[in-house]
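S.K.: Please find one structure pasted underneath; my questions will follow.
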Amino acid sequence: MTASSTPQAAHATAVRWWLIVVAALIAVMVLVGGATRLTESGLSIVEWKPVTGTLPPLNEAQWTQAFEGYKAIPQYRELNAGMSLADFKTIFWWEWSHRLLGRVIGAVYLLPFLYFLWRGAFSAELKRRLWLIFGLGALQGAVGWWMVASGLSQRTEVSQYRLATHLVLALIIFASIVWTLRRMTWRPQAAFPMRLKVSGMALLIVTFVQLYFGALVAGLRAGRVYNTWPEIDGAFIPSAARLWFEEPWWRNLFDNTLTVQFQHRMTAYALLALALWHAVDAVRSRAGAAIIGGAWWLVAAIMLQAVLGILTLLHQVPIDLALAHQAVAIVVLTLVVLQTERLVARRAEPDRQKLVLPLGQPG
């Protein structure tokens, strides 16, 4: 092992556990964000104070001031007029917990990151990846306030466009950490058919598309309407007049509750079909136990996710089923990231190459 790689090897286990903790916290953050949305708590704090906002109101005067700020926005006037201070405190604590967890994740990422940089624990490639993740995390804080700001003046809820952007960016950060963790473990390069790699990449792309559509459903509260399955609006495929009445036509993909829910359903079917095809192809290609097992685990997770989605819809989005649906979505994303990374061609490990001597050479 070369001298330059010694500190990297010495800190490898600590770096892995650090990234695992950050990924776990992001998963919890997504679920807390989902609960914040389901309890209509996201607009209860109408200011963005990255530092001083860490402390909640500490006395009755501060609680009254925070409540008066909430009373000034359309959501209170149009949906919650007459709300008591006690009820306000309930929604406030959800949003405050969500923001506090975001600050905790920032500290848990940044402080060890700076320490490991100082100790020379990262290879050049890993350092680039982690700086990129840090930048995405900083952007996420700004996107979160951009989302909240959309509901403070003219709307009674946040923009579904911004909500979807906020959620998908969080999941991109999560997926990047999972991918980086896998990349830290050296494995010999294996050959797979190109179509298996293509279907793996397609699964990753379709999964993110489905997550985006799911966020639009949440943002429009589209899960609270058309609560039948497999039919929607009286048919398996609704009429074109109902799906495309908004002008211009593309607005239906984001603003029409029927179209948004329908595309979420259809993408779920497509994702399951693609996962099944990928798994069968992995078996036929004799791709190895890890690839075959990963493919079938992904199929199982997507099927569970579909069942939870149907139950959530039929019961008009109760918070327990909705959060279970969101939690399994994170599991699906984790499995598809792991599967795709397994299929990507890998370079040989430089340090290990330097240690391998040709046959017959003394050493």
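The values are calculated or read from the model by the stated rules, or taken from the named source; none is laboratory data. Computed from a predicted structure; not experimentally measured. All Cβ positions, glycine included, derive from the backbone under ideal geometry; neighbour counts span all protein chains shown.
S.K.: Quick one: PRO238 ticks every box in (1) within 22 Å of LEU203 (Cβ to Cβ); (2) surrounded by 14 or more Cβ atoms within 10 Å (Cβ to Cβ) except a single one, so which number is it?
M.R.: The failed condition is (1).
S.K.: Which residue pairs have Cβ atoms under 7 Å apart, sit 6 or more places apart or on different chains, and have a first residue in the range 308-319 that is at negative phi and a second that is in a loop (DSSP other than H, G, I, E, B)?
M.R.: ILE310/TRP229; LEU313/ASN227; LEU313/TRP229; LEU314/ASN227; LEU314/TRP229
S.K.: In the range 223-254, how many are assigned to a helix (DSSP H, G or I), of a type outside the set (S, T, N, Q) and without any contact (Cβ under 8 Å) to a residue 40 or more places away in the chain?
M.R.: The initial filter retains those residues of the range 223-254 that are assigned to a helix (DSSP H, G or I), namely 223-224, 240-243, 249-254.
Still in the running and of a type outside the set (S, T, N, Q): 223-224, 240-243, 249-251, 253-254.
Filter once more, so that each one left must be without any contact (Cβ under 8 Å) to a residue 40 or more places away in the chain: 240-243, 249-251, 253.
Matching residues across the range 223-254 total 8.
S.K.: Answer yes or no as to whether ALA9 is more than 23 Å from GLN160 (Cβ to Cβ), assigned by TED's automatic domain parsing to the domain that holds LYS127 and free of Cβ contacts under 8 Å to residues at least 12 places away in the same chain.
M.R.: On the way: more than 23 Å from GLN160 (Cβ to Cβ): yes; assigned by TED's automatic domain parsing to the domain that holds LYS127: yes; free of Cβ contacts under 8 Å to residues at least 12 places away in the same chain: yes.
When the stated conditions are applied, ALA9 passes them.
S.K.: Next question. List pairs: first in the range 72-95 and aliphatic (A, V, I, L, M), second assigned to a helix (DSSP H, G or I), Cβ under 8 Å, 6+ apart or cross-chain?
M.R.: Every condition considered, the pairs that remain are MET83/TYR76; LEU85/TRP63; LEU85/THR64; LEU85/PHE67.
S.K.: On to the next question. State the number of residues belonging to the range 82-122 that are among the small types (Gly, Ala, Ser) and modelled with pLDDT under 90. Reasoning before the result, please.
M.R.: First pass over the range 82-122, keeping only residues among the small types (Gly, Ala, Ser): 82, 84, 86, 97, 102, 106-107, 120-121.
Keeping just the survivors that are modelled with pLDDT under 90 gives 82, 120-121.
Here the count works out to 3.
S.K.: Let me ask another. Determine which single condition THR156 fails, assuming it passes every other condition in (1) part of a helix (DSSP H, G or I); (2) out of contact with any Ser or Thr (no Cβ under 7 Å at 6 or more places or on another chain).
M.R.: Every listed condition holds for THR156 apart from (1).
S.K.: If only one of VAL15, VAL30 is more than 16 Å from the chain's Cα centre (by Cα) and either at pLDDT 90 or above or small (Gly, Ala, Ser) (or both), which one is it?
M.R.: Numbers: VAL30 fails: more than 16 Å from the chain's Cα centre (by Cα).
Testing whether each residue is more than 16 Å from the chain's Cα centre (by Cα) and either at pLDDT 90 or above or small (Gly, Ala, Ser) (or both) leaves just VAL15.
S.K.: Looking at (1) buried (at least 18 other Cβ atoms within 10 Å of the Cβ); (2) of a type outside the set (S, T, N, Q); (3) closer than 16 Å to VAL307 by Cα, which is the only condition LEU258 fails?
M.R.: Of everything listed in (1) buried (at least 18 other Cβ atoms within 10 Å of the Cβ); (2) of a type outside the set (S, T, N, Q); (3) closer than 16 Å to VAL307 by Cα, LEU258 misses just condition (3).
S.K.: Please give the number of the condition GLY219 fails out of (1) under 30 Å from ILE292 (Cβ atoms); (2) touching a helix residue (DSSP H, G or I) at 6+ places or on another chain (Cβ under 7 Å); (3) modelled with pLDDT under 95.
M.R.: Result: GLY219 passes all but (1).
S.K.: Hey, another quick one. Which condition number in (1) touching a Phe, Trp or Tyr at 6+ places or on another chain (Cβ under 7 Å); (2) surrounded by fewer than 19 Cβ atoms within 10 Å (Cβ to Cβ) is the one that ARG162 fails?
M.R.: Failed condition: (2).
S.K.: A further question on this structure: Please find, among GLU60, GLU40, the residue that is of a type in the set (D, E, K, R) and either farther than 30 Å from ILE173 by Cα or in contact with a Lys or Arg (Cβ under 6 Å, 6 or more places away or on another chain) (or both).
M.R.: Working: GLU40 fails: either farther than 30 Å from ILE173 by Cα or in contact with a Lys or Arg (Cβ under 6 Å, 6 or more places away or on another chain) (or both).
Matching residue, one of GLU60, GLU40: GLU60.
S.K.: Scan the range 266-325 for residues that are part of a helix (DSSP H, G or I) and charged (D, E, K, R) and jot them down. Reasoning before the result, please.
M.R.: Here is the first cut: in the range 266-325, the residues part of a helix (DSSP H, G or I) are 266-284, 289-314, 319-325.
ASP281, ARG284, ASP320, listed by residue number.
S.K.: I'd like to know if the range 165-178 contains one or more residues that are in contact (Cβ under 8 Å) with a residue 60 or more places away in the chain, surrounded by fewer than 17 Cβ atoms within 10 Å (Cβ to Cβ) and more than 17 Å from GLY102 (Cα to Cα).
M.R.: For the range 165-178, residues in contact (Cβ under 8 Å) with a residue 60 or more places away in the chain, surrounded by fewer than 17 Cβ atoms within 10 Å (Cβ to Cβ) and more than 17 Å from GLY102 (Cα to Cα): absent.
S.K.: Confirm whether THR185 is of a type in the set (Val, Ile, Thr), closer than 26 Å to ARG286 by Cα and assigned to a loop (DSSP other than H, G, I, E, B). Before the answer, list the steps.
M.R.: Numbers: of a type in the set (Val, Ile, Thr): yes; closer than 26 Å to ARG286 by Cα: yes; assigned to a loop (DSSP other than H, G, I, E, B): yes.
Against the criterion (of a type in the set (Val, Ile, Thr), closer than 26 Å to ARG286 by Cα and assigned to a loop (DSSP other than H, G, I, E, B)), THR185 qualifies.
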